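Before any comments, here is the structure.
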Amino acid sequence: MRRMLRLFVPLTFVAASLVTAMVAAPFGSDIHAPLKFDDATTMMQKTAVTVTLLAVWMIAAVALTLLSGREIRYSSVEMRASALHCFALGLVAMTSFVLTAIVLNYLIPYHVGVPLLFALGVFAILTKIYGMVAVFHAVGTLIAGSRTRDQLAGRKWLRGDLAMVVIGVLILGAIRLIPIVGLVVWSLTSVFGIGTALATKFGRREPWFLAFRSVET
Amino acid sequence: MTDNACQQYLKDPEANAAHLRTCAKCNAEAMALAEKADVEPPSLDVNALPLAPWEGSSHRAWPLVLGTSAVVMIVALALLDAAGMSPLHVVEGSLASMEAIRGLFGGWATSLRSASLGAQVAFGVAFLVVNGLLIALLRRAPRGMDA
């Protein structure tokens with residue numbers, strides 16, 4: 001799995017670069033580059049907003065890793081160990097959030113919907129933030145993590161949870177700046193993140209539900 | 001041999017060493033214990049083991065973190081300045097997009113309220129199925145540390 005990912009990540013970068021080049025480059029008469037001043041301004045504003053949000057993500061990631069680094073690491077390990085389960089769980093959880101939000105909006109006239117909708121919104125946002133930071137850690141570890149003890153001992157800066165999270169933010173942030181591809185990759189990252197956060201119960205590795213067992217005599 | 005003799009041997013093995021020649025069970029146990037005592041513990045090369053996720057994880061590379069954060073923030077502020085925007089615009093934009101998402105859900109809820117009974121029942125079934133699937137997936141224990 002790890003070997004596949006090591007191969008997959010560079011291939012993804014190459015593919016993303018090719019797509020970006022095709023989107024940005026003026027091929028023949030089909031020119032995608034901004035033609036008017038307004039288009040260029042809009043593109044610059046979009047880039048500025050994206051980079052600003054990346055800075056906010058970096059601050060949030062560093063703060064969360066300082067507060068609960070062990071939990072983030074557990075979630076990151078879980079994501080790398082059972083990626084498919086985390087992805088499936090993330091997809092189902094996002095669908096569940098949407099359907100539940102519609103149901104709670106449906107209940108707003110009955111006064112019970114508003115607090116529940118607020119609670120759902122807060123839970124969803126916290127899940128996404130935690131999950132994204134776990135994905136940053138996983139990506140950073142996959143690409144820049146130490147493979148051997150000698151390598152780890154020889155490193156001065158590029159070691160530890162904080163460094164891995166920062167590297168992950170930088171890599172995914174760079175991908176986020178690619179038109180279309182960045183949006184797709186970040187959407188997939190959100191799905192992975194939400195799945196990872198829920199699969200590990202925010203890194204606490206506790207069961208979500210109590211298991212009822214019959215009393216043995 | 002009788003259990004009584006075995007008990008006496010267990011109480012004082014050295015004084016009743018002759019019991020081993022007559023009791024196969026105690027003899028086998030004594031042999032097994034002797035073998036265990038003779039076996040040296042297997043040598044363990046810690047460096048040959050794979051690197052654990054927690055090794056070196058508590059290290060905090062502040063120069064990297066602070067330097068990278070500062071560079072990203074400076075670039076963001078420079079881009080905002082070049083685009084003629086302020087950080088407040090980004091906050092307002094984020095809040096507006098959240099409000100738009102809430103409005104979208106509200107619109108879907110209104111559509112559901114005015115939909116036919118069959119459509120409402122189908123939505124209810126879908127809601128139950130998806131949440132049941134979510135609960136089933138959440139019941140699986142994490143396996144990251146055992147993998």
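The values are calculated or read from the model by the stated rules, or taken from the named source; none is laboratory data. Since the structure is predicted, the reported quantities are computational estimates derived from the model, not experimental observations. Methodologically, a virtual Cβ is constructed for each residue, glycine included, from the backbone with ideal geometry; neighbour enumeration extends over all protein chains shown.
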Open item on the list: Just to check your reading of the model, which residue among A:L107, A:L152 is surrounded by fewer than 19 Cβ atoms within 10 Å (Cβ to Cβ), more than 22 Å from A:G173 (Cβ to Cβ), over 15 Å from the mean Cα position of the chain (by Cα) and within 7 Å of chain B (Cβ to nearest Cβ)?
Closed with: A:L152
Open item on the list: I'm checking my understanding of the structure. Among residues of region B:101-147 that are under 18 Å from A:P109 (Cα atoms) and of a type in the set (K, R), which one is surrounded by the most Cβ atoms within 10 Å (Cβ to Cβ)?
Closed with: B:R102
Open item on the list: Condition first: buried (at least 19 other Cβ atoms within 10 Å of the Cβ) and more than 24 Å from A:R70 (Cβ to Cβ). Now tell me which residues in region A:110-131 satisfy that.
Closed with: A:L117
Task: Any hit, region A:179-195, residues being in contact (Cβ under 8 Å) with a residue 60 or more places away in the chain, more than 14 Å from the chain's Cα centre (by Cα), part of a loop (DSSP other than H, G, I, E, B) and more than 8 Å from every other protein chain (Cβ to nearest Cβ) - done: yes
Open item on the list: Tell me whether region B:118-134 contains one or more residues that are free of Cβ contacts under 8 Å to residues at least 40 places away in the same chain and at positive phi.
Closed with: no
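Quick check on my filter: what residues within region B:124-143 are at pLDDT 90 or above and either in contact with a strand residue (DSSP E or B) (Cβ under 6 Å, 6 or more places away or on another chain) or within 8 Å of another protein chain (Cβ to nearest Cβ) (or both)?
Of region B:124-143, the ones at pLDDT 90 or above are B:124-138.
If the condition is that a residue be at pLDDT 90 or above and either in contact with a strand residue (DSSP E or B) (Cβ under 6 Å, 6 or more places away or on another chain) or within 8 Å of another protein chain (Cβ to nearest Cβ) (or both), then B:A126, B:F127, B:V130, B:N131, B:L133, B:L134, B:I135, B:L137, B:L138 are the ones that fit.
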TODO: Inspect region A:114-134 for any residue being within 7 Å of another protein chain (Cβ to nearest Cβ) and either out of contact with any His (no Cβ under 6 Å at 6 or more places or on another chain) or assigned to a helix (DSSP H, G or I) (or both) and give the result as yes or no.
DONE: no
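Can A:T100 be described as within 11 Å of chain B (Cβ to nearest Cβ), over 20 Å from B:V71 (Cβ atoms) and out of contact with any Pro (no Cβ under 9 Å at 6 or more places or on another chain)?
On the way: within 11 Å of chain B (Cβ to nearest Cβ): yes; over 20 Å from B:V71 (Cβ atoms): yes; out of contact with any Pro (no Cβ under 9 Å at 6 or more places or on another chain): yes.
So A:T100 passes the test.
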Task: Index of the failed condition, B:L79 passing every other in (1) more than 9 Å from chain A (Cβ to nearest Cβ); (2) surrounded by 13 or more Cβ atoms within 10 Å (Cβ to Cβ); (3) hydrophobic (A, V, I, L, M, F, W, C) - done: (1)
Open item on the list: Given (1) closer than 23 Å to A:T52 by Cβ; (2) without any contact (Cβ under 8 Å) to a residue 24 or more places away in the chain, identify the lone condition not met by A:V139.
Closed with: (2)
Task: Only listed residue being among the β-branched types (V, I, T), over 30 Å from A:V92 (Cβ atoms) and outside any loop (DSSP other than H, G, I, E, B), chosen from B:V129, B:V72 - done: B:V72
Open item on the list: Against the conditions (1) within 30 Å of A:G69 (Cβ to Cβ); (2) surrounded by fewer than 13 Cβ atoms within 10 Å (Cβ to Cβ); (3) within 9 Å of chain A (Cβ to nearest Cβ); (4) among the charged types (D, E, K, R), where does B:D45 fall short? Just the number, please.
Closed with: (3)
